[in-house]
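The values are calculated or read from the model by the stated rules, or taken from the named source; none is laboratory data. Keep in mind that this is a model prediction, so the values were computed, not measured. When we count neighbours, we look across all protein chains shown, and the Cβ atoms used for this are built from the backbone with ideal geometry, even at glycine. These accessible areas exclude ligands, DNA and RNA; they are computed on the full protein's heavy atoms, side chains included. Shrake-Rupley method; radii C 1.70, N 1.55, O 1.52, S 1.80 Å.
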Amino acid sequence: PLVGRQAELDLFFAGLADPRAHGFVIHGAPGVGKTRLADQCLALADQHGRNVARATATEGSQSAPLGALAHLLPPGIGDERCDLVAVVAELRPVLEDQTPAGPLVLFVDDLHLLDATSATLVSQLVDADLVFLVATVRSEAPLPAAVEALWHRARVRRVDLEDLDRAAVGTLLHLVLRGPVEAATVAEIWTASQGNVLLVRELVLGALDRVHLVEQRG
């Protein structure tokens, strides 16, 4: 379950409803929950009638121009994929044929791993108001120039995602374990993880596996 991120969801929804806004970039350390929050943003957009799409950039896809976006491109565009003018010309009528609710909401996970061609294309589509970008970026990761420029524009909001506080970790444990968790256990898990969601998950799974975390008297 998503816990402790209501403020960020409110910011996303406000941006989605603002015709002047073009994107929402989630920036943070590994394991902080960037992808989980972005997934919820995409689901929220879908619930409100927006067309949505998802792409995941990887180190492997960096070697191929438009590799991370290939599954979203029109058939037959392969010969032109290094010619961004031709690619945008092919995409424009497709993207303009969206619901009246607004532009396509495109989620790019690990935006910092996009190849240079994909990064430039995404930037151009944002500038042309053809997509509303939702993206995750790992803090301190080197960025393509086109990507780094995105949140220097007022129309793309960047949020810096922090680890969960102790109260949010307690709520998360209660929901996941389906019952109240002893205060000392919450404190121990929070201290060990410092609120990093991925570390919380691994600590809980490990404790359950080793029968160090058990249900007693409800």
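Is the range 149-163 home to any residue that is within 30 Å of H22 (Cβ to Cβ), without any contact (Cβ under 8 Å) to a residue 12 or more places away in the chain, open to solvent by 80 Å² or more (accessible area, probe 1.4 Å) and outside any loop (DSSP other than H, G, I, E, B)?
Yes, there is a match, as at least one residue in the range 149-163 is within 30 Å of H22 (Cβ to Cβ), without any contact (Cβ under 8 Å) to a residue 12 or more places away in the chain, open to solvent by 80 Å² or more (accessible area, probe 1.4 Å) and outside any loop (DSSP other than H, G, I, E, B).
Only one of L143, L198, L175 is part of a helix (DSSP H, G or I), under 18 Å from the mean Cα position of the chain (by Cα), surrounded by fewer than 21 Cβ atoms within 10 Å (Cβ to Cβ) and in contact (Cβ under 8 Å) with a residue 12 or more places away in the chain. Can you tell me which?
Values: L143 fails: part of a helix (DSSP H, G or I); L175 fails: under 18 Å from the mean Cα position of the chain (by Cα).
Matching residue, one of L143, L198, L175: L198.
Can you pull out every residue in the range 1-14 that is among the charged types (D, E, K, R) and under 12 Å from the mean Cα position of the chain (by Cα)? Spell out how you get there, then give the answer.
Initial filter on the range 1-14 (among the charged types (D, E, K, R)): 5, 8, 10.
Answer for the range 1-14, where residues must be among the charged types (D, E, K, R) and under 12 Å from the mean Cα position of the chain (by Cα): just E8.
How many residues does the range 1-57 hold that are surrounded by 14 or more Cβ atoms within 10 Å (Cβ to Cβ), in a helix (DSSP H, G or I) and in contact with a His (Cβ under 9 Å, 6 or more places away or on another chain)?
4
I'm checking my understanding of the structure. Among residues of the range 1-30 that are modelled with pLDDT of 95 or more and of a type in the set (D, E, K, R), which one is farthest from Q124 (Cα to Cα)?
R5
Taking the options A53, A29, A17, name whichever one is within 14 Å of the chain's Cα centre (by Cα) and within 14 Å of F132 (Cα to Cα).
Numbers: A29 fails: within 14 Å of F132 (Cα to Cα); A17 fails: within 14 Å of the chain's Cα centre (by Cα).
Testing whether each residue is within 14 Å of the chain's Cα centre (by Cα) and within 14 Å of F132 (Cα to Cα) leaves just A53.
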